[in-house]
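For reference, the structure is listed below as structure tokens.
Here, each number is a calculation from the coordinates, and none is a lab measurement. Because the structure is a prediction, the values reported are computed rather than measured. Cβ atoms come from the backbone with ideal geometry, glycine included; neighbour counts cover every protein chain shown.
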Amino acid sequence: MTFKIAIQPDEVVHHNGERQSFSDRWFQLAKERGIDAVAVDVFSEDVIAQIASCDAFMWRCDPSALPRLYAKRLLYAVEAGMGLPVFPNLKSSWHFEDKIGQYYFLSAAGVPTPTTHVFWKREQAERFCGTAKYPFVLKLSAGYQASNVRLVRNPGEARFYIEQMFTYGVTGLGYRPTSRPRQLLRRLRAAAAFAKGHYPYAPTEQTELQHGYLFAQEFLPGNDFDVRITIIGNRAFVFRRLNRPDDFRASGSGRIDWNPQQVGEDLVRFAFRVAGKLDAQTIAVDILRRGPEPVIVELTLSYASWAVRDCPGHWTLDGDHETGDLRWVDGSMRPEDAIFTDFVTPLLETQQRLGSPTHTVICT
Amino acid sequence: MSLKIAIQPDEVVHPNGERQSFSRRWMELAQAQGIETFPIDVFSKHATERISTCNAFMWRCPSSARIRLFAKRFLYAIESGVGIPVFPSLKSSWYFEDKLAQRYFFSAADIPCARTDVFWTREAAEQFCESAGYPFVLKLAGGHQSANVRLVRNRSEAKFYVEELFGHGVASLGYRPASRPRVLLRRLRAAAQTLGGHNPYVPGADAELHYGYFYAQEFLPGNEFEISVIIVGNRAFAVRRFIQPGDFRTRGSSGRMDWDPEQIGEDVIRLAFYTARKLGAQTVALDILHRDREPVVMELTANYASWVVRKCPGHWVLHGDPASGPMEWAEGPMHAADAIFEDFLDEMTNSGPIRYHHATKESMQG
């Protein structure tokens, strides 16, 4: 009997031109280890049958709305219904592109975050605008780009966004507060589009319609960078992302400092604590500081591979996040390699224990 | 130190006038057993902190979209973040009002179900319309009302719904295919609403926008009734709901129903137990139809009406494996809330050492 992994092909070309495919690398690694890897097509009708003929399933899914909303369902259906190991498993993916879910989780786990308010009713959101401390950071729950994050400077701006979130719904925070005549012009343009049979407010394959909530987070001044720590199993890859020029956001700036000396061990342990609570196969955490205290701003599952690969080394944790040994391992490592190793090692060990004749020397 | 359960109050009045509150019953039951309860307002600022001072959390949440979308996140955040037993647990709630997830689960778990095609692109959906067998049943992923289910009779009706689901998205399947002038009228109405500052397709608080998928299910003719089996732990309650004359749907819990257990086949009960076991759910209700003589699962529901369970003259109890384990009949009515609470207490006391550190922290602060 041959061990067989179903893999959904993935490919992304990043803004900096880096081409990324976790699946390409996984196929290569599988071959090197004598594991049978089968490409599946998750959008085909018989996808369940394709996966059912395998022993495990891996899909590095894109954060765009359509594949993500599908992947969350398919992955757990396979995990729960077939009982197969999957990557990412539910514990790693349930919070994927869901800042509201992340906030409740962090809060329930007692993990420090910027002060965050989630309002589910317009009246509550409006009351908040009257008493809020400005500026605050407005975020959409889903959306991996900085266009889904805005600094709100005054009650007028806040009311504009409340109107957007509770009346039209939005697919992005692209529209800025503007004068009354301009707003009317926007409406007119939208009405003309509707009359012609177009749908100007409709969601797209990339972005879902978000409405009916307001997610407001305390603005933390004095942070010129955030610290991104990517945890894979017991490894931590660290780097700092410097803010875009004249901006408060570091996400997607592409200005990265990989010097590990710049990231304290306390932050590494902090990130391990969050990953441990989640019990995730992998997770990237973004850390800012509120005064001296580190706080977690966001969790990311679909991080870019190249930024992790370019780390000069990584930390490994042996034992508990508070007291366990942290050891520095020199040399670059691809995240897809670390994920694959963690994923297949227990499967191969189980198979060895069960005495499958064809797999006695694969695990190296 | 005594156990303390955080409970979110719930109350529903059903169309037949039945008032239902799981939380009230749970609080009574807890009191009778000397267990402390702590009412929670899940929407309050300090809800998670308050719950983390308790040993468990229960919330019978309603199915309206906004609360449900909140509840799914909140419940699992508590389950994983605080690490205490939660009702409903993730395994009992992840599929809640999500027929897409259910469809993939049935197929992955090899549970007999009606043949269902899900298309994620307009092209694939359009291609299907060309070759589909008509009529078929179109469903939205969520929505517990029959407005989210339509019998599609021909290709042009199907294409209308493809346009709805891949064009602007819908909150329900209320709009029917219409003539060209009516379509133009609808567009003009949408334009007028937009001028007035509204998004004509934004759903209300009780609904969500369905967009970017097409869920088509085989129509199963010849079913005069649907069987609802409600599983709570190893108990099964069952009722038949009759299909409305001239329709292919039941009227949920408002139509004609029959609680005679003799009319329910053992195969149906075993299928329900098998499905619940596969899910690992604390409780789940299943709607079952027949394809010829074979029972097939149509849908899973997490928040069934309590009175329907209570009117059952008794229930089946399964010992062991769903396929072959012995089943016995337990005579007499039972509240769903009671069965859930009984099992949940077991779960709390058997889920390893009860966590006291938060409670200790609270008493130190107090």
Take every Cα pair under 8 Å in chain B that's 6+ residues apart, average their separations, divide by the length, and report that relative contact order as a whole percent. 17 percent
Taking H as built 1.01 Å from N, whose amide H comes closer than 5 Å to the amide H of A:Arg255, not counting residues under 5 places away? A:Leu242
PRE zone check, label point 7 Å out along Cα-to-Cβ of B:Trp329, amide N under 12 Å, scope the stretch B:262-303, hits B:262-266
Charge dipole (the stretch B:14-86, unit charges on Cβ, about Cα centre) - positive-most of B:Ile40, B:Ile78, B:Ala65: B:Ala65
Once you place label points 7 Å from the Cα toward the Cβ at A:Asp266 and B:Gln33, how far apart are they in nm? 4.4 nm
Note: A:202-209 gets an average of partner chain Cβ contacts (10 Å, Cβ to Cβ) equal to 5
Taking the Cα-to-Cβ direction at A:Lys91 and at A:Asp325 and moving 7 Å from each Cα, how far apart do the two end points lie in nm? 2.4 nm
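Work through the residues other than A:Val38 whose Cβ is under 14 Å from its Cβ and net out their charges, Lys, Arg +1 and Asp, Glu -1.
Spelling it out: positives minus negatives among the neighbours equals -2.
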Cβ-placed point charges (K, R +1; D, E -1), dipole of the stretch B:4-87 about Cα centre in debye, nearest 20: 240 debye
Report the one residue of A:Leu288, A:Pro245, A:Pro177 whose Cα lies farthest in the direction of the positive end of the charge dipole of chain A (charges on C-beta: Lys and Arg +1, Asp and Glu -1; origin at the Cα centre). A:Pro177
Quick check: the distance between the Cα centres of the stretch B:152-210 and the stretch A:98-114, to the nearest angstrom? 37 Å
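For B:Ser44 and A:Tyr134, what is the calculated FRET efficiency with R₀ set at 30 Å and r taken between the beta-carbons, to the nearest 0.05?
Computed FRET efficiency for B:Ser44 and A:Tyr134: 0.80.
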Test item: B:75-86 mean partner chain Cβ contacts at 10 Å: 5
If a/c stays under 1.5 just call it rounded; otherwise compare a/b with b/c (prolate if a/b is bigger, oblate if not). Do that for the stretch A:4-95, with a ≥ b ≥ c from the square roots of the Cα gyration tensor eigenvalues. oblate
On average, how many beta carbons from a partner chain sit within 10 Å of the beta carbon of a residue in A:118-125? 2
Mean residue ellipticity (222 nm) of the protein assembly as shown, computed from DSSP H runs ≥ 4 via -39,500 (n - 2.57), nearest 500: -9500 deg cm²/dmol
Classified through the alpha carbon gyration tensor (a ≥ b ≥ c as square roots of its eigenvalues; rounded if a/c is under 1.5, else prolate when a/b is larger than b/c, else oblate), the protein assembly as shown comes out rounded
Let a ≥ b ≥ c be the square roots of the eigenvalues of the Cα gyration tensor of the stretch B:4-87; is it rounded (a/c under 1.5), or, if not, prolate (a/b larger than b/c) or oblate? oblate
Considering only B:Ser89, B:Ser107, B:Ser23, give the residue with the highest GNM mean-square fluctuation for chain B, with springs between Cα atoms whenever their separation is below 10 Å. B:Ser107
Once you keep just the Cα pairs under 8 angstrom separated by 6 or more residues, what percentage relative contact order results for chain A? 16 percent
Among A:Gly319, A:Thr2, A:Cys61, pick out the residue whose Cα is farthest towards the positive end of the charge dipole of the protein assembly as shown, where Lys and Arg carry +1 and Asp and Glu carry -1 on C-beta, about the Cα centre. A:Cys61
When Lys and Arg each count +1 and Asp and Glu each count -1, what net charge do the other residues less than 12 Å away from A:Arg244, Cβ to Cβ, add up to? -1
Label A:Phe160 and A:Asn243 with points 7 Å out from Cα along Cα→Cβ: what is the distance between them in nm? 2.0 nm
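If R0 is 35 Å, what FRET efficiency do you get for A:Ser21 and A:Leu354 from their C-beta distance, rounded to 0.05?
0.65
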At a Förster radius of 56 Å, what calculated FRET efficiency corresponds to the Cβ-Cβ distance of A:Asp257 and A:Thr2, to the nearest 0.05? 0.80
In debye, nearest 20, what is the charge dipole magnitude of the protein assembly as shown about its Cα centre with +1 on Lys and Arg Cβ and -1 on Asp and Glu Cβ, if you could check? 2960 debye
Around B:Met327, what is the net charge, scoring Lys/Arg as +1 and Asp/Glu as -1 over all other residues with Cβ under 15 Å from its Cβ? -3
